[in-house]
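K.L.:
Provided herewith is a single structure, encoded as structure tokens, for subsequent inquiry.
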Amino acid sequence: MSDRLKALREKRGVAVKEMRDLIEIATTEKRDMSAEEMEKHSKAFNIVDSLRVQIEAEERTIEAERQAATQADKDNSERRDREKGKDTPEAKLRAGFRNWLRTGKLIGEGSEEFRAYQVGSDTEGGLMQPPQEVVAGILKNVDDQVFIRSRATATQLPQAESLGVITLDTDAEDWDWTTELLTGSEEDSLRIGKREFRPHPLAKRLKLSKTLIRKAPNFETLILSRMAYKLGVTMEKNYLTGNGVQRPLGVFTASNDGVPTTQDVSTGNTTTSITFDGLIEAKFKLKAQYWTKADWLFHRDAVKQITKLKDGDGQYLWRMSVRDGEPDSLLGRPLMVSEFAPNTFTAGLYVGMFADFSNYWIVDALNMQMQTLYELYAETNQTGFIARYEGDGAPALAEAFARVKLAP
């Protein structure tokens, strides 16, 4: 653990103690928290949440530095190979891709290496398909930045137009106790269906100063990281709240094709807040077999409410993480926070979820393409970049999801 990460965790621990001390004083005196105490609690929670974000950023930075060091070792190895006259095809591809990002031109145009990733001619405004190594890097960045994707089941679809998944719509009945000469009753309950995942297109345009491009030492890293960030945010929003029309179907969208209303849990909650009883009801909505992989998912506004809740023994339900890379926990399971989760506390609305998110399926067409607009923005001394991606996603097994809902 870095010194900065340790210091951030210690500060967060102090703020958490302040929050709980305020609650304990009111509890001991058998009264509700005063307006002044509520204000102090809110300020302390804002500090806790801000430090959580800083801790996560520091952990990502540490991981990025580790990856950068690994890449630097790889680049140095390639440089030594070049000095020895060993110019590998992979090194040529990366060098050519970097040059294309900077100038819009191909080095050695027409050579076998660069024909391998050109899609259309340069004069026709053709697209460039990055080397497979770069495509994988973009998808990995997305995995690091969004919650659902890191837990979901992701499948690549490099050629077919769609992916069909067999579903068990109705299971067979239990076996019959019988005798040696009998075969039991005839089974007619088993029903098999199919779900289709059809990748939908996403695109984003980015403009950068030519001066920045010329001076930035790791320019291609900047391009890929920003494109990955914009892609990640768009995907996260739709994995949570997408309506399934030319885009993924979200877990907070009630649908018989995803998570139906039969998986909603409002028992125990009030019309404006989450309660201890409501969380217990949500957890036990899922079969115990899902618990080992299940996570809680809430907006930070909901977490603010949850930090005040206690069980019947006076123990807080929410527990702060003290280990690197480990999230806070709730009722023994990880508590994930997303800015895109619902946070309107009105009667009958969704405010969270307990689910085994490996049962959310994502399909990547893996035909990531990039286009450089080298001349279009010449008057403003900028170069434009367009990235395109195709993918789909939807809950694949409804019973693995329990939505937390406020009382109607």
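K.L.:
Anything in the stretch 258-300 that is of a type in the set (D, E, K, R) and modelled with pLDDT under 95? List them, or say none.
P.N.:
ARG300
K.L.:
Something else now. Assigned by TED's automatic domain parsing to the domain that holds LEU163 and either closer than 30 Å to LEU202 by Cβ or touching a helix residue (DSSP H, G or I) at 6+ places or on another chain (Cβ under 9 Å) (or both): does that describe GLN315?
P.N.:
no
K.L.:
Also: Go through (1) among the charged types (D, E, K, R); (2) out of contact with any Leu (no Cβ under 8 Å at 6 or more places or on another chain); (3) without any contact (Cβ under 8 Å) to a residue 12 or more places away in the chain and name the single condition ARG319 misses.
P.N.:
Result: ARG319 passes all but (2).
K.L.:
Specify which of the listed residues (GLY348, GLY393, GLY352, GLY384) is assigned to a strand (DSSP E or B), closer than 19 Å to ASP264 by Cβ and out of contact with any Asp or Glu (no Cβ under 6 Å at 6 or more places or on another chain).
P.N.:
GLY352
K.L.:
Further question: With ALA7, ALA35 as the choices, which residue is more than 26 Å from GLU63 (Cα to Cα) and at pLDDT 90 or above?
P.N.:
ALA35
K.L.:
When only residues in the stretch 355-375 that are small (Gly, Ala, Ser) and either assigned to a strand (DSSP E or B) or crowded, with 18+ Cβ neighbours inside 10 Å (or both) count, which is modelled with the highest pLDDT?
P.N.:
For the stretch 355-375, the residue satisfying everything is ALA355.
K.L.:
Does LEU335 satisfy the condition of being under 25 Å from ARG151 (Cα atoms) and not in a loop (DSSP other than H, G, I, E, B)?
P.N.:
Here the answer is yes, as LEU335 does meet what is asked.
K.L.:
Let me ask you something else. Among the residues of the stretch 260-296, which ones are outside any loop (DSSP other than H, G, I, E, B) and basic (Lys, Arg)?
P.N.:
Once the filter is applied, which keeps residues that are outside any loop (DSSP other than H, G, I, E, B) and basic (Lys, Arg), the stretch 260-296 yields only LYS283.
K.L.:
Is it fair to say ASP264 is within 22 Å of SER358 (Cα to Cα) and acidic (Asp, Glu)?
P.N.:
yes
K.L.:
Look through ASP264, ASP257, ASP311 and report the one residue that is exposed (fewer than 14 other Cβ atoms within 10 Å of the Cβ) and touching a strand residue (DSSP E or B) at 6+ places or on another chain (Cβ under 7 Å).
P.N.:
Among ASP264, ASP257, ASP311, only ASP257 is exposed (fewer than 14 other Cβ atoms within 10 Å of the Cβ) and touching a strand residue (DSSP E or B) at 6+ places or on another chain (Cβ under 7 Å).
The values are calculated or read from the model by the stated rules, or taken from the named source; none is laboratory data. It should be emphasised that the depicted structure is a prediction, and the values quoted were computed from it without experimental measurement. Cβ coordinates were reconstructed from backbone atoms using ideal geometry, including for glycine residues, and neighbour counts include every protein chain displayed.
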